[in-house]
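Below: the structure, in structure tokens.
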Amino acid sequence: MARPVATYSICACDLEAGQWGVATQSKFLAVGSVVPWAEPHVGAIATQSYANPRYGPGGLRLLREGLSAAETVTRLTAEDEGRDQRQLGIVDNEGRSASFTGPGCHDWAGGLTGPCFAAQGNILVSEATVAALAATFESTAGKPLAERLLECLAAAQAAGGDRRGQQSAALLVVERDGGYAGLSDVLVDVRVDDHERPVEELARLYRMHQSLFGKTPKEEWVDVDDDLAAELAQRLTRLGYEGGLDQALPAWAGTENLEERVDGVDRIDPVVLEELRSR
């Protein structure tokens, strides 16, 4: 028999931002390779507990065809002879949600749903873990979806988490053309496959991701006047990047994986400026 993906997870969306996502933690190697699935303006899905990975692409297909979250859960589980041991959470393109826990899932197992979220878990210390997922999501409205989901995981772990312990965690958030270079729908996809404190490590990786690929509002960018241009040129030259600022700055930024934060040389992202000054 397959090993259960004993896990807690939350599927959620921010309709105003056009984002859908899943966050999950488990005493299971590389939970991010199995549980989370999402597509912008379609929905988000978490499949776990003797997980059926086909629920991911199959569920997104049904959502794409116009079925609601609840209808998709019903269709997927009705066609699955192993449904009694499955657990599934779905949020659709309108923020409707549904969660399913088969009667054969190991205790404690269950889920909670609300507008724009579905929280669920199995082999948990208690129902407090899922309650913490739900309460934290509802209390963090207004923050970016990725940050809300990370806070949900931290709160769930503090409430008890998986009764077997911790091993891996994952965060997936999608947005139409919101990913790298505007050529991907994957806004955030960070995973911790094997770690003693995966939720904490996931938060660290997310902070690193944001420093490289996050977006500083343009009104916060710094004007590059003559004095700043001279400082930038001097620092870049010292690092081995010579030539005009319009060539040296993008070349250095690309080397440091900061190319997404450079847009000409008339203004500079403060994150880029701080990083260059730290060298």
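The values are calculated or read from the model by the stated rules, or taken from the named source; none is laboratory data. Quick caveat: nothing in here was measured; it's all calculated off a predicted structure. Using ideal geometry, Cβ is built from the backbone for each residue, glycine included, and neighbour counts are taken over all protein chains shown. Heads up: the accessible areas ignore ligands, DNA and RNA and are worked out on the full protein's heavy atoms, side chains in. Shrake-Rupley method; radii C 1.70, N 1.55, O 1.52, S 1.80 Å.
The number of residues in the range 27-69 that are part of a strand (DSSP E or B) and over 23 Å from residue 165 (Cβ atoms) comes to 6. So for the range 72-91 (the condition being part of a loop (DSSP other than H, G, I, E, B) and at positive phi), does at least one residue qualify? Among the residues of the range 72-91, not one is part of a loop (DSSP other than H, G, I, E, B) and at positive phi, which makes the answer no.
Would you be able to tell me the number of residues in the range 218-273 that are among the acidic types (Asp, Glu), more than 25 Å from residue 184 (Cβ to Cβ) and not in a helix (DSSP H, G or I)?
4
Residues that are surrounded by fewer than 24 Cβ atoms within 10 Å (Cβ to Cβ), among the hydroxyl-bearing types (Ser, Thr, Tyr) and farther than 27 Å from residue 57 by Cα do not occur anywhere in the range 179-194. Hey, any hits in the range 158-168 for a residue that's under 23 Å from residue 43 (Cβ atoms) and open to solvent by 20 Å² or more (accessible area, probe 1.4 Å)? Checked against the condition, which is being under 23 Å from residue 43 (Cβ atoms) and open to solvent by 20 Å² or more (accessible area, probe 1.4 Å), the range 158-168 yields no hits at all.
So, in the range 131-152, exactly how many residues are of a type outside the set (Gly, Ala, Ser), farther than 20 Å from residue 214 by Cα and in contact with a Leu (Cβ under 7 Å, 6 or more places away or on another chain)? Number satisfying all stated conditions: 1. Selection of the range 220-240 for residues being under 22 Å from residue 208 (Cβ atoms) and either among the aliphatic types (A, V, I, L, M) or buried (at least 17 other Cβ atoms within 10 Å of the Cβ) (or both) yields 221, 239.
Against the condition in contact with a Ser or Thr (Cβ under 9 Å, 6 or more places away or on another chain) and more than 21 Å from residue 28 (Cβ to Cβ), how does residue 102 come out, does it pass? For residue 102, the condition - in contact with a Ser or Thr (Cβ under 9 Å, 6 or more places away or on another chain) and more than 21 Å from residue 28 (Cβ to Cβ) - is not met. Test residue 98 against the criterion of being touching a residue at least 12 places away in the same chain (Cβ under 8 Å), within 23 Å of residue 184 (Cβ to Cβ), aliphatic (A, V, I, L, M) and in a strand (DSSP E or B), and give yes or no. It is false that residue 98 is touching a residue at least 12 places away in the same chain (Cβ under 8 Å), within 23 Å of residue 184 (Cβ to Cβ), aliphatic (A, V, I, L, M) and in a strand (DSSP E or B). Residues in the range 241-258 that are open to solvent by 60 Å² or more (accessible area, probe 1.4 Å) and at pLDDT 95 or above: 246, 247, 255, 257.
For beta carbons closer than 9 Å, sequence separation of 6+ or different chains, a first residue in the range 51-63 that is of a type in the set (Ser, Thr, Tyr) and a second that is open to solvent by less than 20 Å² (accessible area, probe 1.4 Å) and assigned to a loop (DSSP other than H, G, I, E, B), the qualifying pairs are 55/80. Scanning the range 174-185 turns up no residue that is of a type in the set (S, T, N, Q) and either at positive phi or in a helix (DSSP H, G or I) (or both).
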